[in-house]
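Everything on this sheet refers to the single structure shown next.
The values are calculated or read from the model by the stated rules, or taken from the named source; none is laboratory data. The structure displayed is predicted, hence computed values, not measured ones. Please note: Cβ atoms are built from the backbone with ideal geometry, for glycine as well, and neighbour counts cover all protein chains shown. These accessible areas exclude ligands, DNA and RNA; they are computed on the full protein's heavy atoms, side chains included. Shrake-Rupley method; radii C 1.70, N 1.55, O 1.52, S 1.80 Å.
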Amino acid sequence: MSQAQPGVVMVSLSEAYAIAIGHHRAGRMGEAAGVYRAILDADPRQADALHLLGVLSGQTGRSEEAVSLIAQAIAQDPEAADYHDNLGSLRRGGGDAMRAAAHHARALALEPARAKATFNRGLALGDLGRMGEALGCFRAALRIDPGYGAAALAAGRLLSGGPESGVIRGAAERWLAHALSLAPDSADGWAAVGRARLAAGEADGAVTGYGRAARLRPGDGAALSNLAMATLQASGALPEFPRADRPEASWGEPLARALDLFLAALERGAGEVAEVALFRTAVLTIHRGMLDDARLERIAERARDRLRRAAGDGAAAACIAHGLYRRGRLVTASRLARRYLRGWSEEAIRADPQAVKWRPVDARPVFLEALAGYWPRIAEAGERSMPVPPAAEGGAILLVSVDSGYWRRFGGWFLSHALKEEPGDRVHVHIVNPGAEDRADLDRRCAA
C-alpha cells in the first residue's frame with residue numbers, strides 16, 4: 001500500500017472485511033456497502049467483496065444489481081459453492097426456478113455436504129412441481145443437519161398444498177409435527193399447521209394452528225387475517241361452509257371475533273384480501289342481526305376510506321349505509337345508495353347482492369309525499385284481511401312481510417320506531433310460517 005496521508009488511518013484487507021461484515025450483520029447496510037465498495041475500488045477482482053455486496057443488494061431489494069455482482073464474483077472464483085447457492089436463491093426470488101435449481105446443484109457438486117444448498121434446491125424443485133425430488137432434498141438436508149427444522153417445515157408445506165388424499169395429508173402432518181418438535185415456537189410452523197388443517201376441512205384445527213401463530217407473532221397482519229378466516233369457517237355462519245354442530249344462535253361470538261381480527265390485521269399491514277373480507281363479513285353479520293353499533297361504526301369509518309380507493313366495493317358501501325340507518329338517518333343512507341349506484345348497468349346491479357338490496361330504498365321527502373295520497377288495495381279487502389283497520393281520520397298503513405328468522409332479529413327494533421308515528425298509522429305484519437313463539441309475540445304486540 002502507498003504511504004498514508006496525514007490524518008488517514010490505513011487498514012489491512014482482512015480488517016476492512018471484518019469492519020464491513022460487522023456493519024452488515026448489525027443491519028447497517030449503508031456503512032457495509034461503503035466498505036465493500038472501498039475494497040473493490042482498491043481491487044476490483046475481490047470476489048468476496050463482489051459476492052457480499054451482491055448479497056446486501058439482494059437484501060435491500062436491488063435484485064438485478066445483486067445478480068450482476070454475484071455473477072461477477074463467480075467469474076472471479078467459480079469454485080465457491082456459496083456464490084452459486086446465493087445466486088440460485090436470487091434466481092428463484094425472480095421467478096426463475098429452473099436456473100435456480102441448476103445453481104444450487106452446482107453448489108452441491110462443489111460441496112455435497114451443504115445442508116443449506118440442499119434445502120434451497122428442494123425449494124426450487126418444489127416450485128417446478130417436482131415433488132418427489134424436492135422431498136428427497138429436504139430429507140438429505142436433515143441427514144446433513146438433523147436440527148434443520150426449515151427443511152421439515154418446507155416438506156410439510158409442500159405436501160399440504162399437494163393433491164388431496166389421506167396418505168398425503170398424513171405425511172404432511174408428520175413433517176409439520178417434526179418441524180415443531182425442532183422449533184416449538186415457530187410462528188411459520190404453526191401457520192403451516194393452520195393452512196394444512198383448513199385445506200383438509202378441519203376448521204377447528206385451523207383455528208388452533210393460526211391462533212398459535214398469531215400469539216407468537218402478534219404484529220403480523222397476515223397471521224391475524226388467516227386466524228380470522230379460519231374463525232369464520234369454523235363458525236358455521238358461512239353459507240358455503242355450513243355446520244350442523246354450529247346452530248345460528250352460536251354465531252354471534254365467532255362473527256364478532258372474526259371482525260375484530262380483521263380490523264386488527266388491517267391495522268398491522270394486512271392487504272386488500274383482509275379488507276374485502278372485513279366488509280363482506282360485516283354485511284353477513286348485519287343481515288343476521290348480530291353486529292352491534294360500536295363495531296359497525298368502526299367498520300363504516302374504514303369503509304369510507306375503502307370507497308375512496310375502490311369505488312365499486314358494494315359491501316363497503318352497504319356498511320356505511322347501514323351505519324347511517326342505525327342512527328336514524330335513512331334519508332342520508334338512501335341518498336348514499338342512489339349516488340353509489342348512479343351509472344351502474346342493470347346487469348351490474350343484479351350481480352351485486354348489496355346493490356340489489358339498497359336500490360329499492362328511497363326515503364327522500366318527495367317520494368314519501370307521493371305516497372301520502374295512495375290508497376292501498378288492502379284497505380278495500382275488509383275486516384277479514386285487516387285485523388287492525390285504518391283509523392277513520394286516515395293514516396299510513398305499513399305492511400311488513402318477513403320470514404320468522406328475520407322477524408326475530410329485526411322485528412322488535414322496527415316496531416319500536418314504527419309505532420312512534422302518528423296515532424292514525426297502522427302496522428300490518430305478515431310472518432311466513434310462524435312458530436308458536438312468533439304467534440305469541442304478535443298477540444302480545446296487538447294487545448299493546
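Observations on the structure shown:
- F410 contributes about 50 Å² of solvent-accessible surface, heavy atoms of the protein only, 1.4 Å probe.
- Mean projection of the Cα convex hull over all viewing directions, computed for region 121-244: 8.1 nm².
- Loop-exposed GluC sites (Glu not before Pro) per DSSP, neighbour cap 10 Cβ within 10 angstrom, longest uninterrupted part of the chain: 241-392
- With a Förster radius of 41 Å applied to the beta-carbon distance between R215 and F367, the computed FRET efficiency rounds to 0.20.
- Most fluctuating residue given options D188, D403, D77, as computed from a GNM of the chain linking Cα atoms under 10 Å: D403
- Element breakdown for the chain at a 1.4 angstrom probe: carbon and sulfur atoms account for 54% of the accessible area.
- In the elastic network of the chain, a GNM with C-alpha springs shorter than 10 Å, the most mobile of L40, L87, L198 is L40.
- Zero-based 20 Å bins, Cα pair distances in the chain, whole percents: 18, 36, 26, 14, 5, 0
- Two-decimal Rg to Rh for region 191-270 - Kirkwood Rh, Cα set: 0.97
- At the residue level, Y406 shows approximately 100 square angstrom of accessible surface with a 1.4 angstrom probe and all protein chains present.
- Heavy-atom accessible area per residue - region 202-350, 1.4 Å, Å²: 47 Å²
- Over all pairs of different C-alpha atoms in region 254-326, the reciprocal of the mean inverse distance, the Kirkwood hydrodynamic radius, equals 11.9 Å.
- Computed over the chain, the per-residue total of -39500 (n - 2.57) for DSSP H runs of n ≥ 4 gives a 222 nm mean residue ellipticity of -21000 deg cm²/dmol, rounded to 500.
- Rg to Rh, two decimals, where region 111-157 supplies the alpha carbon set and Rh follows Kirkwood: 0.93
- The calculated FRET efficiency for L40 paired with A177, based on their beta-carbon distance and R0 = 35 Å, is about 0.15.
- Semi-axis lengths, largest first, of the ellipsoid equivalent to region 77-185 are 25, 16, 10 Å, with √(5λ) applied to each eigenvalue of the Cα gyration tensor.
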